[in-house]
Each structure stands twice: as C-alpha cells, then as structure tokens.
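Asker: This is the structure I want to talk about, given as structure tokens.
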Amino acid sequence: MDLFRRGASSAGKDSPLKRRDYPPGVHAQRRSKVSDFGVRLREKQKLKRIYGVRERQFMNLFAKAQRMKGNTGENLLNLMERRLDATVVTAGFALSIPQARQLVVHGHFRVNGQRVNVPSYLVRPGDVITLREKDATKKIVETNVELNTGTHVPPWVEVDNKAFEAKVTGLPKREDFPYPIVEQLIVECCSR
C-alpha cells in the first residue's frame, strides 16, 4: 500500500508496488503468521506513516481522542485529518504530507490571516487557510493545484483554486478519510 502520497497518483510503471508486492530480501516470500499484536501494531504504524507523526505525537493525539466524546477511533482519524499539513494536502495545495509540512514550516500559509508555521496546528470549522503573497510560493502551489485537479475534495473543506484559499466548513467524518484503516485495531493496540 502506498502510504506516502495522497494527492497525485504514484502508481506509475516505475512504482515499487508495481514491480514487486513482497518485501525485499532472500527470504521475503516465505510465509509467516503474524500475531494478533502484530496486526494491531501494523495498523497503528500505517496510520503514523500516512500522516508523518512520531510515537509521542501519536500517543498525545490518541489521549486527546480518548478524552473527546464519541468513538475514540473516529475521533483519532478526525484529529489526524484536521492537522494543518493534512488539510493543506486535502485542499490540493500540496502533493504529499512531507511537502505540505515543509510549506507550512517555512511559513507559506496563513490561518485566519495569521502566519502559522506549526504542521500539527488543528484547524477548526470557520478557519480560512490562505497562501502567502509571494511569487515563488504561488508558483509551487499553482503547479500542485494543476496536478491535483482530478482529486476528490471532501465536503468539510471548500477550496477556491483561483484565490488559493481553503475554508474549513465542518469536521471530517469517517467516510472522508481516504485510506482503508481499521481504527478499532489501533484503539486496541494503544489501549493496552
């Protein structure tokens, strides 16, 4: 499963997933049974790698999701999707989470008119994400918007590609999450 790109498709003919669907190494094709803990851990690691967060950040988000009302797994996915770097990718202004993270850290985006350079900033309904007024920044984001023209933008984000502006209109729902993640396994792994 391709975990690192969210915007444009990376499933070209040179993609590692197209060449081989098993891990590298001499004994990679040997069958081995994965334990129950291994399945849960793999699911947690998959979610961490999709969003590019480390263990401590992930556990802090998980603790916050547990304190919120409702389903802990859905709350966790909601918090992950509301991070500023993930929202920039969802809006189509970046091709991947690492690129969005770099753009945010370098101060290319403003939230409600204020410069925000923290990728883990949680956007709220009503927030407006705009682009900094620099020609080099506009050129990069313009290219990314062109490459992301065919991608689906979830209903909780309204995007104006001409003004390079995204407005958060609501909170992400479970069906807005683009990856096949079983959040119940993650909750079981982290609740131990």
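Nothing in this text is a laboratory measurement; each read-out follows from the coordinates by a stated rule. Just so it is clear, the structure is predicted and the values come from calculations on it, not from any experiment. Reconstructed Cβ throughout: ideal geometry from the backbone, glycine too, with neighbour counts over all protein chains shown.
Asker: Looking at the chain as a GNM with Cα springs under 10 Å, which of 64, 33, 167 has the largest mean-square fluctuation?
Answerer: Looking only at 64, 33, 167, the biggest GNM fluctuation is shown by 33.
Asker: Taking every pair of distinct Cα atoms and averaging 1/r, then inverting, what Kirkwood hydrodynamic radius in Å comes out for region 35-190?
Answerer: 16.1 Å
Asker: Pull up the cross-link candidates among the aspartates and glutamates for residue 139, meaning alpha carbon to alpha carbon under 18 Å and not fewer than 8 places away within one chain.
Answerer: Partners found: 160, 165.
Asker: So which residue, out of 67, 83, 101, gets the largest mean-square fluctuation from a GNM of the chain using Cα contacts under 10 Å as springs?
Answerer: It is 67.
Asker: Next question, about the same structure. Which shape class, rounded, prolate or oblate, goes with region 30-98 when its Cα gyration tensor gives a ≥ b ≥ c as root eigenvalues, a/c under 1.5 marks rounded, and past that a/b bigger than b/c marks prolate? Working shown, then result.
Answerer: Numbers: a/c = 2.45, a/b = 1.32, b/c = 1.86.
The shape class here is oblate.
Asker: Using a simple spin-label model with points 7 Å from Cα along the Cα→Cβ vector, what separation in nm is obtained for residue 102 and residue 27?
Answerer: Calculated label separation equals 3.8 nm.
Asker: Relative contact order, percent, of the chain when contacts are C-alpha pairs under 8 Å separated by at least 6 residues? Walk me through the numbers on the way to the answer.
Answerer: Working: 250 pairs, mean separation 47.0, N = 192.
Averaging sequence separation for qualifying contacts and normalising by length gives 24 percent for the chain.
Asker: Please give me the summed charge of the neighbours of residue 127: other residues whose Cβ is under 13 Å from its Cβ, Lys and Arg +1, Asp and Glu -1. Walk me through the numbers on the way to the answer.
Answerer: Numbers: positive: 82, 83, 110, 124, 167; negative: 158, 165.
After counting each charged neighbour, the total is +3.
Asker: Now for a separate question. Can you pull the one-decimal nm distance between simple spin-label points at residue 117 and residue 34, each 7 Å off the Cα toward Cβ?
Answerer: The answer from the label model is 3.9 nm.
Asker: How would you classify region 108-158 from its alpha-carbon gyration tensor, with a ≥ b ≥ c the square roots of the eigenvalues: rounded for a/c under 1.5, else prolate if a/b is greater than b/c, otherwise oblate?
Answerer: The shape class here is oblate.
Asker: Continuing with the same structure: When the chain is modelled as a GNM with alpha-carbon springs shorter than 10 Å, which of 34, 111, 53 fluctuates the most?
Answerer: With Cα springs under 10 Å in the chain, the top fluctuation among 34, 111, 53 is at 34.
Asker: Positive end of the charge dipole of the chain (Lys, Arg +1 and Asp, Glu -1 on Cβ, about the Cα centre): tell me which of 58, 89, 149 has its Cα farthest that way.
Answerer: Result: 58.
Asker: Then there is this: Return the distance in nm (one decimal) between the two label points of a simple spin-label model at residue 64 and residue 133, each offset 7 Å from Cα along Cα→Cβ.
Answerer: 3.1 nm
Asker: Let me spell out the model: positive unit charges on the Cβ of Lys and Arg, negative unit charges on the Cβ of Asp and Glu, origin at the Cα centre of region 35-190. What dipole size does that give, in debye rounded to 20?
Answerer: Charge dipole of region 35-190: 540 debye, to the nearest 20.
Asker: Just rank 135, 160, fewest to most, by other beta-carbon atoms within 10 angstrom.
Answerer: Fewest-to-most Cβ neighbours within 10 Å comes out as 135, 160.
Asker: Of 33/64; 138/167; 69/167; 69/173; 48/138, which sit over 23 Å apart, Cα to Cα? Could the numbers behind the result be given before it?
Answerer: Numbers: 33/64 33 Å; 138/167 18 Å; 69/167 25 Å; 69/173 14 Å; 48/138 30 Å.
Beyond 23 Å between Cα atoms: 33/64; 69/167; 48/138.
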